[in-house]
Each structure stands twice: as structure tokens, then as C-alpha cells.
Amino acid sequence: MTPDFPTTTPERSGIALILSKDAPEAARAAFSLAATVVALGDPAAIFFTQHGIAWLAQNAELEPDLAELFGFCQDEGVRFIACSDSLAQSTLSAEQLCPGVEVAGAISFYQFARTVAVSLFI
């Protein structure tokens, strides 16, 4: 029997994800969820923090399916936000990030996250 899940939220829609790992399965989960949400017409953002920031490097080597998901998310308007504190502690600079990536702190991400229906830490 399939569980009966509500299909709409009366006041909010969208998803805010925090990706803190550089593991492919974590990135795949975040990109897949974000792609699903934007395909349904709702807003989505991924906040890349700690080791997750590595996914935003221009020279990151992505498996073909991850590269496709990453590109779809970018093309469809998923906000990619690099944690400014994590970026400062990494070997990357803002200039080395993929085009379109925002750099912001936790407060900015929280301001978005509190407006959506779902927030997840991956």
C-alpha cells in the first residue's frame, strides 16, 4: 500500500538542502532532490558547506550522471550557495567556483531556508 502524502503545502513550497560531504552518494541525493523540486515548479537551493564545497570547483571531476544532474540543476535555477566560512577555510577561491555560484554565509542561507516547506541536511 502506498502512503498518502499531501501534494501541496498551503503556505510554503520548495526545498533548502545543506550538502556537507564530498561523497558522490550525498551529492547525488542533493542534486536529485533539487532537480525534482524545480521540475515541479518550486524553488530549491543547495548550501555547500564543509567538504561539500568541493563540488563547486570548476575543475571538479564529476561522474557522468552527477555532471548531468549538476547541469540540470544549474540550468533550471537551483541556487548553488557556497558557504563563505567553508570557502575561506578551503583551498578554493571564489574565482575557482563554477559560474553562477553564490557565496554567502549561514544567515543568508537561513533567510531562504525559513521560507520553504522542506529543509534537509545531507
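The values are calculated or read from the model by the stated rules, or taken from the named source; none is laboratory data. As the structure is a computational prediction, the values presented were derived from the model and not from experiment. Quick reminder, even Gly has a Cβ in these numbers, built from the backbone with ideal geometry, and neighbours come from all protein chains shown. SASA here: full protein model, heavy atoms, side chains in, ligands and nucleic acids out. Shrake-Rupley method; radii C 1.70, N 1.55, O 1.52, S 1.80 Å.
Summary table
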| read-out | value |
| --- | --- |
| Residue match in the stretch 101-112 (condition: part of a helix (DSSP H, G or I), surrounded by 13 or more Cβ atoms within 10 Å (Cβ to Cβ) and more than 15 Å from the chain's Cα centre (by Cα)) | no |
| Condition broken by Leu66, with the remaining ones in (1) assigned to a helix (DSSP H, G or I); (2) of a type outside the set (D, E, K, R); (3) closer than 14 Å to Ile18 by Cα satisfied | (3) |
| Pairs with Cβ under 9 Å, 6+ apart, first in the stretch 67-85 and more than 21 Å from Glu95 (Cβ to Cβ) and charged (D, E, K, R), second open to solvent by 50 Å² or more (accessible area, probe 1.4 Å) and modelled with pLDDT of 95 or more | Glu76/Ala39 |
| Residues satisfying the stated conditions in the stretch 11-48, i.e. among the small types (Gly, Ala, Ser) and in a loop (DSSP other than H, G, I, E, B) | Ser13, Gly14, Ser20, Ala23, Gly41 |
| Qualifying position, being surrounded by 16 or more Cβ atoms within 10 Å (Cβ to Cβ), over 22 Å from Gln96 (Cβ atoms) and either among the small types (Gly, Ala, Ser) or in contact (Cβ under 8 Å) with a residue 60 or more places away in the chain (or both), among Ala54, Ala39, Ala30, Ala44 | Ala44 |
| Residues that are open to solvent by less than 40 Å² (accessible area, probe 1.4 Å) and either under 21 Å from Val116 (Cα atoms) or acidic (Asp, Glu) (or both), drawn from the stretch 71-100 | Cys73, Val78, Phe80, Ile81, Ala82, Cys83 |
| Matching residues in the stretch 49-63 - criterion: being in a helix (DSSP H, G or I) and more than 11 Å from the chain's Cα centre (by Cα) | Gln50, His51, Ala54 |
